[in-house]
Structures are given as structure tokens and as C-alpha cells.
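Reviewing the structure listed below.
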Amino acid sequence: DLFKVGILANVLQMLKLPDGTVKVLVEGISRVKLNNIKDNKFLSADSILFPEKINKLDESKALVRAITEQFEGYVKVNKKISKEVLASVVQIDDPTKLSNTVAAHLNIKIIEKQELLETDNVDKRLTKILELLESELDVLKVEKKIRSRVKRQMEKTQREYYLNEQLKAIQKELGDSDDLGEDNEDFANKLNNLKLTKEARKKAENEIKKL
């Protein structure tokens, strides 16, 4: 049930919570691959460094620039990421460090993060991160449009309700009948059942609107 590639880390702090769970703060050191996994009283294993490979330095630099630009747009739409994170990412020019930092802030599934972790070729990892970043950015933009549309519809509904309440209050002050709206609807229904010329129908509709 264990992934064979993971992160070697130092345990900085361990905190036992009231519900019985344990919260652990760790500091990552390097990628490692597990060998000789043993399950005695606790799990143990040997680890070897998982090497990083960069095939084309120029391509990596271009990918770093593209990811940095896309990440700026991602942060503008995703309010959960602070501006401090963006400021630190913009300063990174090392391909490996950038891939690790950006991947940590992407809203993707654990299995997708594991796939990135197991990709030893930095160029391929950066390409995959750029694809994930663009996909997440598209989804966030659509979500933002949907939220804006729903908000506008809610505001319109609330405004109409407020205006209707105001209209009722004005009618009450003027002493108009509460049945006025129902009367208008009755007149409109009767008008629909009548056989009239265009001119007569238009005149009748105008009179109902005045009422």
C-alpha cells in the first residue's frame, strides 16, 4: 500500500490533538526511492536518492518562464494563495525548485501529485505542471463566471422583491385596493378571450397598462 517514491524529511514538531489524532510538521529534504521495506513492529526501509534529470536546459528555462506567468494568473483567480507565495515563486529560476513549489500549491488530486513526484525528468515534470496549471486556471475562470452570474441573478431577484414591496406600500398609502393586481390579471385574461382588431386590442392593452 506504499508508494515507492517519496520525500525524506526531518520531523520538526509533533502535536497530539484532543480527538486522538497526531499532527506532524515535517521539513522536506530530498526525493528518495524505497528499498527493502520491512514490516515488523513498525514500517522501515532503506532509501536511495531519486536523481533529477534535465535534458534540455533552454527548454527548462522556457518552461520556467511560462509556468511563472501562468501561476501569476492562477493566483489572481485563486484567492486561497497569498501574494507572498507569488512573490517567492517569481524569484525562483531553478527548474527543480520551481516545479516543487508550484506543484505544492496546485489544487490537484494526491495521485496526480504523486505522479509529479515520481517523474525524474525535470523537463517532463515542468511540462505536466504547465498543463495542470492551465487546466486549473480554465476551471477557476468558469467557476468565477458562474458565481458572477448567480450573484447578478440574486441581486436582480432581491431588487424586484424590494421594488414590489415598495409598490405595495405606496398603493396602501394611496388607498388602492389590494386586489388591484388580481383585477389587472382578470382584465388581461378577458382580453385574450375576445376577438378584436389589432387597433382595438392595442388600445385595450394600453388601458390595462395605465390601470
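The values are calculated or read from the model by the stated rules, or taken from the named source; none is laboratory data. Fair warning: this is a prediction, and the values are worked out from it, not measured in the lab. Cβ sites come from the backbone with ideal geometry, for glycine too, and all protein chains shown count toward neighbours. SASA here: full protein model, heavy atoms, side chains in, ligands and nucleic acids out. Shrake-Rupley method; radii C 1.70, N 1.55, O 1.52, S 1.80 Å.
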Note to self: Being modelled with pLDDT of 80 or more, touching an Asp or Glu at 6+ places or on another chain (Cβ under 9 Å) and closer than 30 Å to Arg65 by Cα narrows it down to one residue among Leu132, Leu191, Leu140; which is it?
What the structure shows: Leu132
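For every residue, the table says whether it meets (1) touching a Ser or Thr at 6+ places or on another chain (Cβ under 9 Å); (2) farther than 22 Å from Ser30 by Cα; (3) not aromatic (Phe, Trp, Tyr).
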position: Phe42; (1), (2), (3): no, yes, no
position: Gly73; (1), (2), (3): no, yes, yes
position: Val77; (1), (2), (3): no, yes, yes
position: Pro95; (1), (2), (3): yes, no, yes
position: Leu106; (1), (2), (3): no, no, yes
position: Glu115; (1), (2), (3): no, no, yes
Notebook entry, point to check: Quick check: anything in region 99-109 closer than 27 Å to Leu49 by Cα, charged (D, E, K, R) and open to solvent by 70 Å² or more (accessible area, probe 1.4 Å)?
Noted result: yes
Check: Do you know which residues across region 88-98 are assigned to a helix (DSSP H, G or I) and either hydrophobic (A, V, I, L, M, F, W, C) or open to solvent by 60 Å² or more (accessible area, probe 1.4 Å) (or both)?
Finding: Val89, Val90, Lys97, Leu98
Notebook entry, point to check: For Ile111, which of the numbered conditions (1) closer than 30 Å to Arg31 by Cα; (2) in contact with a helix residue (DSSP H, G or I) (Cβ under 7 Å, 6 or more places away or on another chain) fails to hold?
Noted result: (2)
Check: Going by the conditions given, is Lys79 surrounded by fewer than 16 Cβ atoms within 10 Å (Cβ to Cβ) and under 21 Å from the mean Cα position of the chain (by Cα)?
Finding: yes
Next item on the list: State which residue is least open to solvent (accessible area, probe 1.4 Å) when the search covers only region 51-72 and only residues that are of a type outside the set (Val, Ile, Thr), in contact with a helix residue (DSSP H, G or I) (Cβ under 9 Å, 6 or more places away or on another chain) and modelled with pLDDT under 85.
Entry: Ser60
Notebook entry, point to check: Just checking, how many residues over region 5-34 are open to solvent by 60 Å² or more (accessible area, probe 1.4 Å) and within 28 Å of Thr119 (Cβ to Cβ)?
Noted result: 11
Notebook entry, point to check: Would region 70-78 turn up any residue that is in a loop (DSSP other than H, G, I, E, B) and touching a residue at least 24 places away in the same chain (Cβ under 8 Å)?
Noted result: yes
